[in-house]
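Chemist: One structure is given below, represented as structure tokens, and several questions about it will come after.
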Amino acid sequence: MEKTGKNAPIGVFDSGVGGLTVVREIMRQIPNEKIVYFGDTARVPYGSKSKDTITRFSRQIVHFLESQDVKAIVIACNTASAYALEQIEKEIDIPIIGVVKPGAKVAAETTKNGKIGVIATEGTISSGIYSSYIKEIKKDATVIGKACPLFVPLVEEGLWEDPVTDEIARRYLTEFTQQDKDIDTLILGCTHYPLIRSTLGRIAGEKVTLVNPAYETARELKELLEQKDLLNDRELGLGDNRYQFFVSDKADKFQNFANSIIKYGILSAKVINIEEY
């Protein structure tokens, strides 16, 4: 059983590079953990695809991560968390968490006026999942969702601080700044969005608290590992093959991007055929 003992890696996956914001938080908050990351760069974006397709993709990726003997899995993608988590949880016997619940929980606890905005992909918004989780905790909350499909390609192109991103963000967020909406909390409901956090914060205004589910997910993962007695209790050495990155396409582009997010020296990424899993 040692394979999936404390020293085994954590599996993390996303539709592309956004999940690296979750990886970055796991590295910061639980530095002794090994990570196997998979980015589905051949099939990004997930936000505009159907529930069945997302579930099928997620199942293939989970099979791949299981082949890497991971001890827990993080779905670092809001759309896949919304559409596939519940189903996949029933199919595997290792702990698995998504990014939606931790973000919803913090938003419900943070809001003062009960008005919470959610920006995310079309898939996440139409699933209504943030709203239902938030209302489980705070029944009288008003949750206003807004699909922002252009943010993912802008982030993937590296246009984090760019007039184009500013303009698009302004258009998307005007809805929240109208008097009758008056939100005081905004969930960054896609793991790509923390990379344009400063732009979003500036446009949303200082009265609005931004909730970054990536940060909250790493905290929840740490608690889960502690509960299951799976937290790695020894420091990792140099030869420990600490972080491994796999993608379904374009390893070079992914690698450059990963290096700009995770300041951890050169990361190599390996292309695998995910359809085989």
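Chemist: Counting other C-beta atoms within 10 Å, and keeping those with at most 14, which DSSP coil GluC sites (Glu not before Pro) do you find in the range 170-225?
Modeler: Glu206
Chemist: Counting only heavy atoms of protein chains, what accessible area per residue, in Å², does the range 68-223 have with a probe of 1.4 Å? List each step's numbers first, then the result.
Modeler: Numbers: 6710 Å² over 156 residues.
For the range 68-223, the per-residue accessible area is 43 Å².
Chemist: Please state the relative contact order of the range 1-155 as a whole percent: Cα pairs under 8 Å, 6+ residues apart? Let's see the in-between values first.
Modeler: Values: 234 pairs, mean separation 34.4, N = 155.
Answer for the range 1-155 is 22 percent.
Chemist: Give me the mean projected area, in nm² to one decimal, of the convex hull enclosing the Cα positions of the range 11-137.
Modeler: Average of the hull's projected areas for the range 11-137 equals 8.0 nm².
Chemist: Next question, about the same structure. For the range 137-208 and the range 1-78, compute the distance between their C-alpha centroids and round to whole Å.
Modeler: The distance from the Cα centre of the range 137-208 to that of the range 1-78 comes to 25 Å.
Chemist: In what sequence, largest accessible area first, do Glu25, Glu226, Glu235 appear using a 1.4 Å probe?
Modeler: These residues rank, largest area first, as Glu235, Glu226, Glu25.
Chemist: Before rounding to the nearest 500, sum -39500 (n - 2.57) across all DSSP H runs of length at least 4 in the chain and divide by the residue total; then give [θ] at 222 nm in deg cm²/dmol.
Modeler: So the helix-based figure for the chain works out to -13000 deg cm²/dmol.
Chemist: What full-extension length gain, to one decimal in nm, is calculated for Val271 and Gln29 as 0.36 nm per residue of separation minus the Cα-Cα distance?
Modeler: So the extension gain works out to 84.3 nm.
Chemist: Residue-wise, which Karplus ³J(HN,Hα) couplings in Hz belong to the range 41-50, taking 6.51 cos²θ - 1.76 cosθ + 1.60, θ = phi - 60°, and x for glycine or proline?
Modeler: Whole-Hz 3J(HN,Hα) from phi for the range 41-50: 5, 6, 10, 5, x, 8, x, 9, 9, 7.
Chemist: Let me cross-check Ser48: its accessible surface, 1.4 Å probe, with only protein heavy atoms counted, in Å² to the nearest 10?
Modeler: That residue has around 80 Å² of solvent-accessible surface.
Chemist: Moving on to the next point. Only Cα pairs under 8 Å and at least 6 apart count here; give the relative contact order of the range 52-125 as a rounded whole percent.
Modeler: Values: 62 pairs, mean separation 22.7, N = 74.
Answer for the range 52-125 is 31 percent.
Chemist: For the chain, what's the relative contact order in percent, using C-alpha pairs closer than 8 Å and at least 6 residues apart? Intermediate values should be presented prior to the final figure.
Modeler: Working: 508 pairs, mean separation 72.2, N = 277.
Computed value for the chain: 26 percent relative contact order.
Chemist: Can you tell me the Rg and the Dmax, both Å, for the Cα atoms in the range 127-247?
Modeler: Just the Cα atoms of the range 127-247 yield Rg and Dmax of 18.1, 57 Å.
Chemist: Lysines near Lys115 by alpha-carbon distance under 19 Å, same-chain residues fewer than 8 away left out - which ones?
Modeler: Qualifying lysines at Cα under 19 Å: Lys101, Lys105, Lys135, Lys138, Lys139, Lys146, Lys181, Lys207.
Chemist: From the list (i) 20.2; (ii) 18.0; (iii) 18.8, can you say which value of Kirkwood radius over Cα pairs in Å was derived from the structure given?
Modeler: (iii)
Chemist: Let a ≥ b ≥ c be the square roots of the eigenvalues of the Cα gyration tensor of the range 45-112; is it rounded (a/c under 1.5), or, if not, prolate (a/b larger than b/c) or oblate?
Modeler: Oblate shape, in that a/c is at least 1.5 and b/c is the bigger or equal ratio.
Chemist: Using a Gaussian network model on the chain with a 10 Å cutoff between Cα atoms, which of Gly201, Gly16, Gly39 fluctuates the most?
Modeler: It is Gly201.
Chemist: Given the peptides 82-93, 180-191, arrange them by the average over their residues of other C-beta atoms within 10 Å, most packed first.
Modeler: Descending mean neighbour count gives 180-191, 82-93.
The values are calculated or read from the model by the stated rules, or taken from the named source; none is laboratory data. All values reported here derive from a predicted model rather than from experimental measurement. FYI the Cβ positions are ideal-geometry reconstructions off the backbone, even for glycines, and counts take in every protein chain you see. Calculation scope for accessible area: heavy atoms of the full protein, side chains included, ligands and nucleic acids excluded. Shrake-Rupley method; radii C 1.70, N 1.55, O 1.52, S 1.80 Å.
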